[in-house]
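Single-structure report; data block below.
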Amino acid sequence: MKTYLVGGAVRDKLLGRTVTEQDWVVVGSSPEQMQAQGFVPVGKDFPVFLHPQTKEEYALARTERKTGKGYGGFSFYCGEEVTLEDDLVRRDLTINAMAEDENGVIIDPYNGQQDLADKLLHHVSPAFAEDPVRILRIARFAARYHALGFRVADETVALMKTMVADGEVDHLVAERVWKETERALGEPNPEIFIEVLRSCDALARLFPEVDALFGVPQTATHHPEIDTGIHTLMSLQQAVKLSPSTCVRFATLLHDLGKAATPPEEWPRHISHEDRSLPRVKQLCNRIAAPKDYKDLALMVAQWHTHCHRALELKPATILKVLQSNDAFRRPERFEQFLLCCEADARGRTGFENRDYPQADFFRAALKAAQAINMAAIQQGGHTGQAFGDEVNRQRLQNLAQLKSNYPTAPSA
């Protein structure tokens with residue numbers, strides 16, 4: 001029985017990155033022997049155990065065979081004669097197919113160290129094509145390591161294209177698509193996740209609403225980058241700078257989906273694209289099983305972002321409508337997320353990346369002004385029921401009007 005550190009821990013050690021978790025492969029053992037040594041079985045599909053002290057995962061070396069479509073279409077074999085090389089060859093990328101023994105010696109049968117040096121994300125073997133989740137994973141790794149200069153190898157992109165053409169990605173379950181997407185949104189360059197999926201034609205299968213944005217023109221005066229798809233990725237880059245929240249980044253990615261539904265004869269203008277966005281946002285979120293808080297913020301941003309851009313032009317009644325419609329009084333933290341998405345949208349344009357966005361600060365001030373009323377005094381004044389609500393709104397509008405009269409004006413986005 002021999003134990004090896006494998007996968008991401010070895011890769012990140014060699015890259016000089018912080019290792020956050022360690023996975024181990026055990027060669028020459030059996031489930032019975034593992035349990036006899038105190039390891040706790042946890043694997044459902046194949047033998048994985050938790051170390052009795054460290055609680056780290058130890059998996060028996062295994063081979064796998066494709067038995068059906070999709071992520072779950074595999075059978076596994078974990079005999080004692082399975083070698084370390086047998087186990088490593090089934091992994092996705094060469095940089096993830098290295099191991100380290102107890103003496104710190106690197107076992108690298110598939111040239112992972114060379115690909116690290118060359119900054120290549122390269123599949124280990126043709127078996128890569130058997131698991132469609134790997135398309136999402138490699139796009140996520142590209143998003144993680146883009147700043148280090150990594151790219152997906154041309155032959156790997158070609159293989160991913162073949163997988164898409166063969167219909168493999170059509171068998172991905174929604175929950176797995178969402179899990180990988182959420183993790184990708186948390187990476188330093190999530191826009192690369194989208195670009196890689198598009199480069200292998202998977203974006204059109206998994207996120208057709210986003211894919212449809214590319215090639216749709218916008219007015220050059222407001223959008224020098226012109227292409228709506230490019231603007232979307234630029235906005236996502238800005239969202240990363242503004243917030244670590246994957247919810248904010250997701251809503252930013254989806255904010256302009258309705259522009260793909262604008263009739264071409266109306267291009268480059270996109271009147272009512274907010275309303276056209278809503279069914280597309282709902283459709284995408286439902287298809288990939290996005291959590292409710294992600295879906296709600298995405299719908300909110302899609303519907304109201306242009307109101308935020310025009311904040312300094314709005315009448316007090318419209319400002320109050322935006323606050324009330326978005327539940328800003330009860331959920332100010334979500335309204336703050338909305339403002340960050342709007343700022344990312346405004347800055348996600350060529351030449352606008354570092355421009356101030358006073359509209360967000362105005363709406364922050366508007367929320368404070370509208371909150372600055374004495375509810376108890378209104379009640380003591382004898383207002384009840386509808387009259388109470390009317391008086392609250394009257395005072396809020398009064399405060400908002402005063403705010404506008406004292407607030408410095410600036411051009412809208």
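The values are calculated or read from the model by the stated rules, or taken from the named source; none is laboratory data. None of the values given here were measured: they were computed from a predicted structure. Cβ sites come from the backbone with ideal geometry, for glycine too, and all protein chains shown count toward neighbours.
To keep it simple, each residue is scored yes or no on (1) in contact with a His (Cβ under 9 Å, 6 or more places away or on another chain); (2) more than 21 Å from Tyr357 (Cβ to Cβ); (3) among the acidic types (Asp, Glu); (4) at pLDDT below 95.
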residue	(1), (2), (3), (4)
Val196	no, yes, no, no
Cys200	no, yes, no, no
Leu203	no, yes, no, no
Pro208	no, yes, no, no
Gly215	no, yes, no, no
His222	no, no, no, yes
Met234	no, no, no, no
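The set of residues in the stretch 187-220 that are polar (S, T, N, Q) and under 13 Å from Val164 (Cα atoms) contains only Ser199. If you filter the stretch 1-58 down to residues that are acidic (Asp, Glu) and surrounded by 14 or more Cβ atoms within 10 Å (Cβ to Cβ), you find that the one that is nearest to Asp101 (Cα to Cα) is Asp23. Might you check whether a residue that is buried (at least 22 other Cβ atoms within 10 Å of the Cβ), of a type in the set (A, V, I, L, M, F, W, C), farther than 21 Å from Met98 by Cβ and in contact with a Phe, Trp or Tyr (Cβ under 7 Å, 6 or more places away or on another chain) occurs anywhere in the stretch 184-192? Yes, the stretch 184-192 contains at least one residue that is buried (at least 22 other Cβ atoms within 10 Å of the Cβ), of a type in the set (A, V, I, L, M, F, W, C), farther than 21 Å from Met98 by Cβ and in contact with a Phe, Trp or Tyr (Cβ under 7 Å, 6 or more places away or on another chain). Can you say whether Ile319 is out of contact with any Cys (no Cβ under 8 Å at 6 or more places or on another chain), modelled with pLDDT of 95 or more and surrounded by 12 or more Cβ atoms within 10 Å (Cβ to Cβ), as far as the supplied structure shows? Judged against the criteria, Ile319 is a match. Taken together, Ala127, Ala117, Ala139 contain a single residue that is in a helix (DSSP H, G or I), surrounded by fewer than 21 Cβ atoms within 10 Å (Cβ to Cβ) and touching a residue at least 12 places away in the same chain (Cβ under 8 Å), which is Ala127.
Only a single criterion out of (1) touching a Lys or Arg at 6+ places or on another chain (Cβ under 9 Å); (2) at pLDDT below 95; (3) in the same structural domain as Asn286 (by TED's automatic domain parsing) is not satisfied by Glu130, namely (3).
Conditions tested, residue by residue: (1) farther than 24 Å from Gln33 by Cβ; (2) in a loop (DSSP other than H, G, I, E, B); (3) touching a strand residue (DSSP E or B) at 6+ places or on another chain (Cβ under 9 Å); (4) not assigned by TED's automatic domain parsing to the domain that holds Glu32.
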{"site": "Gly79", "(1), (2), (3), (4)": "no, yes, yes, no"}
{"site": "Val82", "(1), (2), (3), (4)": "no, yes, yes, no"}
{"site": "Asp86", "(1), (2), (3), (4)": "no, no, yes, no"}
{"site": "Arg90", "(1), (2), (3), (4)": "no, yes, yes, no"}
{"site": "Glu102", "(1), (2), (3), (4)": "no, yes, yes, no"}
{"site": "Ile135", "(1), (2), (3), (4)": "yes, no, no, yes"}
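Of the helices (runs of 4 or more DSSP H) lying entirely inside the stretch 187-270, the ones with 2 or more residues being in contact with a Cys (Cβ under 9 Å, 6 or more places away or on another chain) are found at 228-242, 246-254. Given the condition surrounded by fewer than 23 Cβ atoms within 10 Å (Cβ to Cβ), under 18 Å from Glu353 (Cβ atoms) and touching a Gly at 6+ places or on another chain (Cβ under 8 Å), answer yes or no: does some residue in the stretch 225-232 qualify? Yes - at least one qualifying residue is present in the stretch 225-232. Applying the criterion of being buried (at least 22 other Cβ atoms within 10 Å of the Cβ) and small (Gly, Ala, Ser) to the residues of the stretch 247-273, the residue that is nearest to the chain's Cα centre (by Cα) is Ala251.
The lone criterion from (1) under 20 Å from the mean Cα position of the chain (by Cα); (2) within 13 Å of Arg134 (Cα to Cα) left unmet by Arg183 is number (2).
Sort out for me the helices (runs of 4 or more DSSP H) sitting completely within the stretch 354-413 that have 2 or more residues that are modelled with pLDDT of 95 or more and surrounded by 11 or more Cβ atoms within 10 Å (Cβ to Cβ). Once the helices (runs of 4 or more DSSP H) in the stretch 354-413 are filtered for at least 2 residues that are modelled with pLDDT of 95 or more and surrounded by 11 or more Cβ atoms within 10 Å (Cβ to Cβ), what remains is 358-371, 385-406.
Just to be sure before I move on: is Glu313 modelled with pLDDT of 95 or more, surrounded by fewer than 21 Cβ atoms within 10 Å (Cβ to Cβ) and within 20 Å of His222 (Cβ to Cβ) in the structure I sent? It is false that Glu313 is modelled with pLDDT of 95 or more, surrounded by fewer than 21 Cβ atoms within 10 Å (Cβ to Cβ) and within 20 Å of His222 (Cβ to Cβ). Within the stretch 159-174, the set of residues being among the β-branched types (Val, Ile, Thr) and assigned to a loop (DSSP other than H, G, I, E, B) comprises Val173 only. Is at least one residue of the stretch 297-311 of a type in the set (Val, Ile, Thr) and either in a loop (DSSP other than H, G, I, E, B) or not assigned by TED's automatic domain parsing to the domain that holds Asn393 (or both)? Checking the stretch 297-311: not a single residue is of a type in the set (Val, Ile, Thr) and either in a loop (DSSP other than H, G, I, E, B) or not assigned by TED's automatic domain parsing to the domain that holds Asn393 (or both).
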